[in-house]
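Here the structure is laid out as structure tokens; the discussion comes afterwards.
The values are calculated or read from the model by the stated rules, or taken from the named source; none is laboratory data. Keep in mind the model is a prediction, meaning the values are calculated, not measured. Here the Cβ positions follow ideal geometry from the backbone for every residue, glycine too, while neighbour counts run over all protein chains shown.
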Amino acid sequence: MKEISVNVNGNGAMQLITTLHQLKGGQIPVGSDVVFTSGEDGVLYGTDLATETMVIETVVSDGPVPSFAVTPEQTRVLLAAEDDNTVASYSMPPDCDMDQLLRRSTVAIRQVTCSASFIAIADEEPVVRVLLRSDTEQMILAEGATGAVKSVVLDPQERYLCVSSEDATVRVFALDAAGLRATQATSIAIKHGDIRSEDVLLRCAWQPGDATTGRLLAVPMDKGIIELFERDTWTPKSRLLLPIGRSTAADVDILAFSPNGRYLAAATRAKEVFVWELETQSVLRSFKMDYPALGVQFANTLNALVVYHSGGRLAFVKDVIPAGRTPPQHLTGLPLSVAASAISTGSSSAAVKPKKTKKKHLKASSFVDDEAEVDGAHSDDEDDEEEEATFDDDNEARVEAIKASFGFGTAAEAVVEEATQDEDVIIPTRSSSSLYRQISPLRTVTEPFQPGSVQDPNGRSSNSTSLLAWTPEGEIEVIRGANLSENLVKVEFVDKSRRGFKFNDNYMFSMAFLDDHGAIFAVPRRGRENWEDLEAGANESDVISSFVFYRPFESWASNSSWHKALPDGEDAECVAASREFCAVATSLHTLRIYTTSGIDYAFLRLPGRVVTMTAKQSLLAVVYQGLHGQMMCQLLRIRVDSSRERVVLVAKGELPMTPPPRDVFASHKENELAREDAAQWSTLTWLGFDDRQILYAVDSFACVQALSPSTAWNWFPIGCVGNALQKKPEERHGIFTLGVVNDSLLYFPLEKGARAPKLRGSHRPVPGTFPLRTASFPKTSKKTEDSSNGAMWQNVRLCGLEASAGEVNGNDVANQVVKEQAEMDKSLILMMKTACTNDEPARVLDLAKCLHLEKSHQIAQKLAIHFSLRQLQSQLYDLYRVKFEEPKRHQPDVAPSQPRRQPASYRHEAQELSHRPQDVEPLRLARSILSRPPSTPPQTEEEAASSATEEAPRSPQAATPPKTTTNPSSKRSNSVVERSTAPANPFLKKPVEASATSPANAGKKSGLQRLAKFASPPPAKKQRRSTWK
């Protein structure tokens, strides 16, 4: 930071302008950044930012000048004099001749500001006076404050006026020039330690730009806190905090946006200046001064920041935005050369000089480029000579122009070279030239990332918490050490019964993967720093190899941790680990598989660059980039054994991303253009397994999808968190996914443009839950619960549970499968009851085909009987016979040692029914109703009731069978209870015991009604029947 003495110590003001006219007789050319300052000496100084020299010095007042403002057209300067409390209009320096007195006040004037249409004057009164520049006799009063006004800021769009006052409020007024009134739009309460002090400026800032780009108002809310509010709605959008450990807790006094609105500078009462990047909400630079700041402003054409403090000195900060980021003067979406030409004039002739084309890199400071240009500047004569050396005459220039239009020639090569250097800034669109339409098919669209990683891109310059991995099981935090040569890695678990650990990291790991059994770490190659000195006699190179480190959590063997160095020229880009293997994807499109003990187990080549990976048990999911930027996915099964196939491909295909929603108010062509723009599509943000080894993917539109064998290994869309697809693109925000636990997605909502939540210290926010069972795609709401994906989602979960039977205890999985089958059957039977009520038998039959348990099919037949759907009952019985009776009829033909293979969902029932005699099957013994074909003559109501009365005791839920057929074997067979749990009776509203003993049931006359209730007949009738026999 370089400082130049300008005014004397004390109060003053500063304003930076880019000259539109020549100043001081042509000594200051057009397009120069000039900084004007005023102070206690009454002198107006002008400093050239490029040369850092004072070029203007004009005495404008006999007393102090606390504030001034240069008009936008740079024809007048408005000065506030403290000796007579006046605001007057002067000509531009160095003349500074007064031509009009604008206001005379009875109290001290604190600030004057000017826009194209208004002049705002703030003094020690609680009223702000806004003069119309078209007629300064007309005035608008902005009233409402109860304390003296501290500062005033005019909206660049001239719609609002922001006023801060000593009553600890910031008020925004809507200006109406035609009606000469100011209406209060909002009032924001703030906190300030010494707000009544005269040294406190309390200046807010508007984001520059039009209605689309300039939408923020920055307000100092509290000690070390800056709030960003949305225009028009005045709702808080984001919050910026002073970095803990790198700043002094103090109130923010001055705020200033960069010309492109991407950065925000703030000066505090602790004599410190900070620069934030709004997209990442991270602090890029910080500076310390000896005096409190009076003004802070970014340069308009240079990568520089100017600070004017009460010590009467002007401080310049070169390269204020680090290399690799968009410079503050560069407008978003335009190359630097275009942004420079938009400010400067007379550059149209230079466009035809291919050898003189301005080439600015994003990775280099524009401030350095401008200084180099000044040092090596040529005169106009030399430029003419070079142009003559390049093109002998105008005819040759025309020929070169024609060649350039066809894509070759000297001029075309210069354009290609400039476009190559600016390819990180320019996004090709349909309106671009054909040169930009040819996108390289191997260009990286999505950079490799680790699921659940929370890292600040600023690295060591940031004070926010960095997590290499964050899952529902635990987290891996990296703590930057005071020594640059090592970090501290801390592993903690959510289950406090598991003991965490920490270790010193000398490798500077940048990626990690956390599993139930261990954690794997990796770091790509990096250059050796100056502080990493080699030992005497060492012959190591200046490049540190890429390292991989694995540490199990619980191991029976000693020295179970291991580390490996990847071969030279290969970098680790993504890692994953599981119970038996570790996987590392490298920059050479290779996938290295190791055992958990560090043995090289498999080595294969990926078709494209890896995007992310995840692992669970024996499964490994790899997402890589296709040839034209599409997401491709491979699901691999890896088992460490003696099998010939060490890596088995389970599924392979494209991972679909969500297209932009169709805008019904736009034309067909506009919607097609939006779909053809790759930037409008979603991107992958998270990939992971649940406890049943079902693979999930979440994109930037918060859409959740799962990969399941139940859908032929296609991706099943589950739902969209927050109904993001129903919102406008500017209102759509992403989520940070933590994992899937108990059929719910754990997530954290993110602000617009954020990639991960902001974490401070050991505090972790409470995640939100998105229930997957009741979700529907693309919109989820209570009104659409009936149309949710619940039944399909249960099938996906059940299929995943059966697929994981080989990974865990088979008996536990079988019991869980039966339980979930009963739950699914219960929901299906309820749907069947509704369909019967609506007289939809075809729908009932389709639902019955999805039933799993035998008892569920029996209940379905009774539903058909209850609703007198005879044809449906016959169809249901045929389905039951094919599904259950036929397999049991062939059961004795199979040897007991080799039972017949049946579907996994019915195998447990077949094993239990194999011990039953064929003559005691409950449904075959009671075929008077269930097995009667529809062609049988109809019965009378009395016959139907009597037959139903005889049928009820022999149903599976009825009493014991008749005594005439009882024998020891039949007793033993009837005592066997099915492991499956029958679904709840949809007709039953009370427990069976209560309904059986209630007086109301004793009065029932119809046996068919008792059958529908699934209850035994009254004890009296049962006794009479037994006596009759």
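For Trp715, the stated conditions hold: it is more than 26 Å from Ile476 (Cα to Cα) and modelled with pLDDT of 90 or more. On the stretch given as region 546-559, residues that are in contact with a Phe, Trp or Tyr (Cβ under 9 Å, 6 or more places away or on another chain) and either not hydrophobic (A, V, I, L, M, F, W, C) or not in a strand (DSSP E or B) (or both) total 3. Can you give me the number of residues within region 716-751 that are in contact with a strand residue (DSSP E or B) (Cβ under 7 Å, 6 or more places away or on another chain), hydrophobic (A, V, I, L, M, F, W, C) and part of a strand (DSSP E or B)? Summing the residues that are in contact with a strand residue (DSSP E or B) (Cβ under 7 Å, 6 or more places away or on another chain), hydrophobic (A, V, I, L, M, F, W, C) and part of a strand (DSSP E or B) in region 716-751 gives 10.
Selection of region 810-822 for residues being in contact (Cβ under 8 Å) with a residue 60 or more places away in the chain and in contact with a Ser or Thr (Cβ under 9 Å, 6 or more places away or on another chain) yields Val817, Val818, Lys819, Gln821, Ala822. Scanning region 1-26 for residues that are more than 47 Å from the chain's Cα centre (by Cα) and closer than 21 Å to Val60 by Cα yields a count of 10. Tallying residues that are farther than 21 Å from Ala754 by Cα, of a type in the set (Gly, Ala, Ser) and part of a strand (DSSP E or B) within region 249-265 yields 1.
Considering only region 781-810, state which residues are in a helix (DSSP H, G or I) and modelled with pLDDT under 65. Spell out how you get there, then give the answer.
In the first step, residues of region 781-810 are kept if they are in a helix (DSSP H, G or I); the result is 782-784, 790-806, 810.
Passing the criteria: Lys782, Lys783, Thr784, Ala805, Gly806, Gly810.
When Leu294, Leu284, Leu305 are screened for being among the hydrophobic types (A, V, I, L, M, F, W, C), within 19 Å of Ile225 (Cβ to Cβ), in contact (Cβ under 8 Å) with a residue 40 or more places away in the chain and not in a loop (DSSP other than H, G, I, E, B), only Leu284 passes. For region 67-93, the set of residues classified as closer than 18 Å to Leu16 by Cβ, in contact with a strand residue (DSSP E or B) (Cβ under 9 Å, 6 or more places away or on another chain) and assigned to a loop (DSSP other than H, G, I, E, B) consists of Thr71, Pro72, Gln74, Thr75, Met92, Pro93, listed by residue number.
Of all residues in region 98-118, those that are farther than 29 Å from Ser197 by Cα have Cβ atoms under 6 Å from Cβ atoms of residues that are part of a loop (DSSP other than H, G, I, E, B), 6 or more apart or on another chain, in Ala116/Pro72; Ser117/Arg133; Ser117/Glu158.
So that you can scan it fast, the table gives a plain yes or no per residue for (1) over 26 Å from Lys318 (Cβ atoms); (2) at pLDDT below 90:
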site	(1), (2)
Ile4	no, yes
Gly10	yes, yes
Leu23	no, yes
Phe36	no, no
Leu44	no, no
Thr53	no, yes
Thr58	yes, no
Asp62	yes, yes
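Looking at (1) within 50 Å of the chain's Cα centre (by Cα); (2) of a type in the set (S, T, N, Q); (3) modelled with pLDDT of 90 or more, which is the only condition Ser89 fails? Only one criterion in (1) within 50 Å of the chain's Cα centre (by Cα); (2) of a type in the set (S, T, N, Q); (3) modelled with pLDDT of 90 or more is unmet by Ser89, namely (1). Of these, Gly688, Gly761, Gly734, which one is at pLDDT below 85 and not hydrophobic (A, V, I, L, M, F, W, C)? Exactly one of Gly688, Gly761, Gly734 is at pLDDT below 85 and not hydrophobic (A, V, I, L, M, F, W, C), namely Gly761. Per the listing Met54, Met14, the residue uniquely in contact with a Ser or Thr (Cβ under 6 Å, 6 or more places away or on another chain), among the aliphatic types (A, V, I, L, M), surrounded by fewer than 17 Cβ atoms within 10 Å (Cβ to Cβ) and not in a loop (DSSP other than H, G, I, E, B) is Met54.
Scanning region 754-763 for residues that are part of a loop (DSSP other than H, G, I, E, B) and in contact with a strand residue (DSSP E or B) (Cβ under 9 Å, 6 or more places away or on another chain) returns Ala754, Arg755, Ala756, Pro757, Lys758, Leu759, Ser762.
Could you please find all residues in region 579-624 being part of a loop (DSSP other than H, G, I, E, B) and polar (S, T, N, Q)?
Across region 579-624, the qualifying residues are Ser587, Thr596, Ser597, Gln617, Ser618.
Residue count for region 826-841 satisfying the condition of being under 20 Å from Asn795 (Cα atoms) and either touching a residue at least 60 places away in the same chain (Cβ under 8 Å) or not hydroxyl-bearing (Ser, Thr, Tyr) (or both): 6.
Condition (residue is buried (at least 20 other Cβ atoms within 10 Å of the Cβ) and of a type in the set (Gly, Ala, Ser)) applied to region 117-134: is it met by at least one residue? Yes, region 117-134 has at least one match.
Would region 65-80 turn up any residue that is more than 22 Å from Ala116 (Cα to Cα) and modelled with pLDDT under 90? Taking every residue of region 65-80 in turn, none turns out to be more than 22 Å from Ala116 (Cα to Cα) and modelled with pLDDT under 90.
Kindly indicate whether Lys191 is touching a Ser or Thr at 6+ places or on another chain (Cβ under 6 Å) and either among the basic types (Lys, Arg) or not in a strand (DSSP E or B) (or both). Spell out how you get there, then give the answer.
Working: touching a Ser or Thr at 6+ places or on another chain (Cβ under 6 Å): no; either among the basic types (Lys, Arg) or not in a strand (DSSP E or B) (or both): yes.
When the stated conditions are applied, Lys191 does not pass them.
In region 568-578 there is no residue matching the filter, namely being surrounded by fewer than 16 Cβ atoms within 10 Å (Cβ to Cβ), among the acidic types (Asp, Glu) and in a strand (DSSP E or B). For the structure I just gave you, tell me whether Val149 is in the same structural domain as Leu79 (by TED's automatic domain parsing), β-branched (Val, Ile, Thr) and under 39 Å from the mean Cα position of the chain (by Cα). It is false that Val149 is in the same structural domain as Leu79 (by TED's automatic domain parsing), β-branched (Val, Ile, Thr) and under 39 Å from the mean Cα position of the chain (by Cα).
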